[in-house]
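J.: This is the structure I want to talk about, given as structure tokens.
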Amino acid sequence: MVKEKKRLPVGVENFEQIINDDYYYVDKTGLISELLRNGGMVNLFTRPRRFGKTLNMSMLEHFFSIEREQSIFDGLEISKDTKLCEAYMGKYPVISISLKGINAAAYEDAFDFAVQIIKEVAATMQFLLESKQLSEYDKSEYQKLLDSNMSEAVFCSGLKKLSILLEKHYGTKVVLLIDEYDVPLAKAFENRYYDQMLFLIRNLLEQGLKTNNSLKFAVMTGCMRISKESIFTGLNNFTTFTITDVDFDEYFGFTDQEIRDLLAYYECTDKYGSIKEWYDGYRFGNVEVYCPWDVVCYLRSLRTNKEAVPQNYWVNTSGNAEVKEFIRQSKSATTKREIEGLMAGEEIIKTIRPELTYKDMYHSIENIWSVLFTTGYLTQAGALDAQMYKLKIPNLEIRDIFQTQIMEYFKESVKKDGDALSRFCDALKNGEKTKVEEIFESYLKKTISIRDTFVRKASKENFYHGILLGILGVKEEWYVSSNQESGEGYSDILVETENSETVILIEVKYANDGNLDQACERALQQIEEKKYDEELRENGVDKILKYGIACYMKRCKVELAGES
């Protein structure tokens, strides 16, 4: 009898659940021993989203907590370190919170969410009300943390108060875990109550981390390393481990060996190349890592469909505001060329500012380079000095996000220039191939184009195909379809003008060798050979225009097969 495979933990971030419910677990428990041997008093780990931060925090909670069952660590890497386990496992009260849920359009609502977080963590410790080690005053202070109407002052002192009460009850200092510490600030910045939220979170952290004598040590996670001056003022016991640091580099994300083991277990070793191309490429410290979220999502698809192709799973976990703003601010010719280089799989050299405030993030294109690097849209390909790095797009998934945002911005630009749009559509409808060529080429020169070695020729054609669709899709009076089935194949683009008086067939080719004339000829030949116009004739369409359009970098050639 074949043993059933373990489940894939898509979206499961509770360590105990993963172990007890027989999910596949990539063992990252080595993080614990490294943290205890090389960590500081307050440790901040910054990594892009979906790289296992929350699961690692859950793992830490279950290891240190007096309240948790530690047998779930049996057989894992950390269990081999018996001396460390005897000294630290299950020995501390742990306060574990996530600030991820503080997300609201207005400060008042955001504060209500923040209060709820403190209230919920306090509610798990109601044994304090019966504690013989606490005075009546202590218990009255604890009761304030269960009140939904708590003031900002009570909220900001919440972590510190809980630490003091837990130390009194257990007689030992407290481990404090704060996941996604920067999410409230990101949401506040987006919704314009940043200063209020900064004041609130700064006071919460200052009391919980700086003036808290009941603290054993603390671990925080986030995407951004927010300027110490703005949020961690005066915190001298503070150590940050970013994506450029060698410390802890292998504990967030999957290493290549972990991927090979995972694929062997699920009998998908033939997908290694695709997974590497799509989801690998990030470099944290000295280790190259894959995005765990993407790999697990894709493997789940493969378990039900062996022919499943890689998809962009990361794009749905964020609004990709960083890339949108980057494309919007890419006005200079230099920046456009740099983006085109990145899209071509090249590396560019940039100075990275590791610490920014949210107010600084989009102040300049130079700052946005740092934001893209920190949040995982770019990765390093080597450091030239402490601040200057070679940057690149890590993989096909992130490249796809860039391409999507480039196209979205292009469509917005087309809408704003109604005159050029009208001239292009009129020329296309009237069979004025020279004018079509001239206007289309002017569009290509304005947008960020692909001149890449990074992807196959078909993907290059898709880009120019997308540019055409971006233009034609703005013309509301026309029906535009892409890759419609017709004749013996699929035409790239089919356009029905007003009242279906004219149908336009367009076949797009990428001239890989730069020979536009030859590529145009191939496009027109394909329209004829595949009989794309056959069904249209049968349906009584009187006027059909057949265009072959060839593209190479920012140049194009347009040929018209004639009317029929």
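J.: Limited to the stretch 146-164, what total is found for residues that are surrounded by 13 or more Cβ atoms within 10 Å (Cβ to Cβ) and under 18 Å from GLU206 (Cα atoms)?
T.: Number of matching residues: 12.
J.: Please go through the stretch 88-121 and give me each residue that is closer than 18 Å to ASP195 by Cα, open to solvent by 70 Å² or more (accessible area, probe 1.4 Å) and either without any contact (Cβ under 8 Å) to a residue 40 or more places away in the chain or not in a loop (DSSP other than H, G, I, E, B) (or both), ordered by number.
T.: GLU108, ASP109, ASP112, PHE113
J.: Oh, and also: For the stretch 131-221, list the helices (runs of 4 or more DSSP H) that sit wholly inside it and hold at least 2 residues that are modelled with pLDDT under 95; which are they?
T.: Ranges flagged: 183-191, 194-205.
J.: Right, here's the next one. Looking at the stretch 424-447 only, could you name the residues that are basic (Lys, Arg), open to solvent by 50 Å² or more (accessible area, probe 1.4 Å) and over 30 Å from PHE326 (Cα atoms)?
T.: Hits for the stretch 424-447 are LYS433, LYS435.
J.: On the basis of being over 23 Å from the mean Cα position of the chain (by Cα), of a type in the set (D, E, K, R) and in a loop (DSSP other than H, G, I, E, B), does GLU67 make the cut?
T.: Yes; evaluated as a whole, the condition is true for this residue.
J.: Oh, and also: So, of the residues in the stretch 266-307 that are in a loop (DSSP other than H, G, I, E, B) and more than 16 Å from LEU8 (Cα to Cα), which turns out to be most open to solvent (accessible area, probe 1.4 Å)?
T.: By that ranking, first place goes to GLU307.
J.: Since LEU263 meets every condition but one in (1) open to solvent by 10 Å² or more (accessible area, probe 1.4 Å); (2) under 26 Å from the mean Cα position of the chain (by Cα), which condition does it not meet?
T.: Status for LEU263: all satisfied but (1).
J.: Let me ask another. Answer yes if at least one residue in the stretch 505-517 is open to solvent by less than 20 Å² (accessible area, probe 1.4 Å), touching a Leu at 6+ places or on another chain (Cβ under 9 Å), modelled with pLDDT under 90 and closer than 25 Å to ASP426 by Cβ, and no otherwise.
T.: Scanning the stretch 505-517 turns up no residue that is open to solvent by less than 20 Å² (accessible area, probe 1.4 Å), touching a Leu at 6+ places or on another chain (Cβ under 9 Å), modelled with pLDDT under 90 and closer than 25 Å to ASP426 by Cβ.
J.: Those residues that are in a helix (DSSP H, G or I) and either of a type outside the set (Val, Ile, Thr) or buried (at least 21 other Cβ atoms within 10 Å of the Cβ) (or both), I need them from the stretch 308-326; list them, please.
T.: TRP314, ASN316, ALA321, GLU322, VAL323, LYS324, GLU325, PHE326
J.: Right, another one. Somewhere in the stretch 372-392, is a residue in a helix (DSSP H, G or I), without any contact (Cβ under 8 Å) to a residue 40 or more places away in the chain and not hydrophobic (A, V, I, L, M, F, W, C)?
T.: Within the stretch 372-392, none of the residues are in a helix (DSSP H, G or I), without any contact (Cβ under 8 Å) to a residue 40 or more places away in the chain and not hydrophobic (A, V, I, L, M, F, W, C).
The values are calculated or read from the model by the stated rules, or taken from the named source; none is laboratory data. It should be emphasised that the depicted structure is a prediction, and the values quoted were computed from it without experimental measurement. Because the Cβ atoms are built from the backbone with ideal geometry, glycine has one as well, and the counts that use them run over all protein chains shown. The accessibility values were calculated without ligands, DNA or RNA, using every heavy atom of the protein model including side chains. Shrake-Rupley method; radii C 1.70, N 1.55, O 1.52, S 1.80 Å.
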